[in-house]
Each structure stands twice: as structure tokens, then as C-alpha cells.
Amino acid sequence: MSMKTERISARVPAHVHQMLRQAADLTGATVNQFLVQSALERAHTVIEQERIIQLSGESARKFFDAIENPPLPNEKLKAAFRKHRELL
């Protein structure tokens, strides 16, 4: 099974490259392997942070209260339901 690969390249100042090379050496990886692994770990972190909704205690209480005790439908919601039924 062959895996399609893509190329990523970046130009960095010499001091950045040296630091990356040093870190890669310390982990037993090539600079390329180190960059890919580091970028992948960061990508996972960023994506995970965007998927989690954080609420304060008060906001969480209001949210769960609204779920457990939903308000009665107002006219706009009733109109939306009627429109939805017409479109089906």
C-alpha cells in the first residue's frame, strides 16, 4: 500500500536551524522527522483546543438549566417549524 506524500519546506535563520538540529539530535531524529513530529503534535493540540467548549461555572449552570427547562417556543420558532414542514 503506497501512501501519497506532500513536501513542506521552510526557510529559517541559521540560529533557528541550529537549534532545531540540536533538538533533533537529542531525540535521535533527523531535522525533518523532528519538524514533522513537532508540527503534528502542535496541530493536534490546536485542533483539540478548538473542539472543546469551556464555560464558566455560571455559564455551565445556565446552559444545563436551559436544556432541562427549555423555554416555550416563541412566534419566530413556530414560524420556522411551519416553514420547515412546508419545505418537506
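The values are calculated or read from the model by the stated rules, or taken from the named source; none is laboratory data. These numbers were taken from a predicted model, which means no experiment stands behind them. Cβ atoms come from the backbone with ideal geometry, glycine included; neighbour counts cover every protein chain shown.
Summary table below
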{"quantity": "Residues satisfying the stated conditions in region 1-20, i.e. hydrophobic (A, V, I, L, M, F, W, C), closer than 17 Å to S38 by Cβ and at pLDDT below 95", "calculated": "I8, A10"}
{"quantity": "Region 70-88 residues that are surrounded by 10 or more Cβ atoms within 10 Å (Cβ to Cβ), paired with ones that are assigned to a helix (DSSP H, G or I) (beta carbon under 8 Å, 6 or more apart)", "calculated": "P73/F81"}
{"quantity": "Flag for L55 being touching a residue at least 12 places away in the same chain (Cβ under 8 Å), surrounded by 11 or more Cβ atoms within 10 Å (Cβ to Cβ), on the phi < 0 side of the Ramachandran plot and within 27 Å of the chain's Cα centre (by Cα)", "calculated": "no"}
